[in-house]
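The next block holds one structure in the form of structure tokens; read it before the comments.
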Amino acid sequence: MTAPDNWQKSSFSGGGDGSNCLELASTPTTLHLRESDIPATILTTTPTPLTHLLDAIRAQAL
């Protein structure tokens, strides 16, 4: 699998040197997440499981 080249930094990462943030990239069928200080480690998923994870996190925050 070829790594995507359209990485975007999380808006929650704030300023600073930018070396400690979550980055997201997408292809037509998958989403890729990585920590900026370990860019070789990439988590690949599809939108549905990621949506379920985010919904569960939001539900716990309430």
Counting only residues in the stretch 30-41 that are more than 12 Å from Pro4 (Cα to Cα) and hydroxyl-bearing (Ser, Thr, Tyr), the one surrounded by the most Cβ atoms within 10 Å (Cβ to Cβ) is identified as Ser36
Checked pairs for the stretch 26-52, first in a loop (DSSP other than H, G, I, E, B), second loosely packed, with under 10 Cβ neighbours inside 10 Å and at pLDDT below 90, C-beta under 7 Å and 6 or more apart or across chains, list as Ser36/Ser19; Asp37/Ser19
Of those in the stretch 1-14 that are out of contact with any strand residue (DSSP E or B) (no Cβ under 7 Å at 6 or more places or on another chain) and open to solvent by 60 Å² or more (accessible area, probe 1.4 Å), the residue modelled with the highest pLDDT is Asp5
In the set Thr44, Thr48, the lone residue that is hydroxyl-bearing (Ser, Thr, Tyr), at pLDDT 85 or above and surrounded by fewer than 12 Cβ atoms within 10 Å (Cβ to Cβ) is Thr48
For Glu23, the lone unmet condition from (1) at pLDDT 85 or above; (2) exposed (fewer than 10 other Cβ atoms within 10 Å of the Cβ) is (2)
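The values are calculated or read from the model by the stated rules, or taken from the named source; none is laboratory data. Just so you know, these numbers come straight off a predicted model, no measurement behind them. We place every Cβ from the backbone using ideal geometry, glycine too, and count neighbours over all the protein chains shown. We work out accessible area using only protein heavy atoms, side chains counted, and drop any ligands, DNA or RNA first. Shrake-Rupley method; radii C 1.70, N 1.55, O 1.52, S 1.80 Å.
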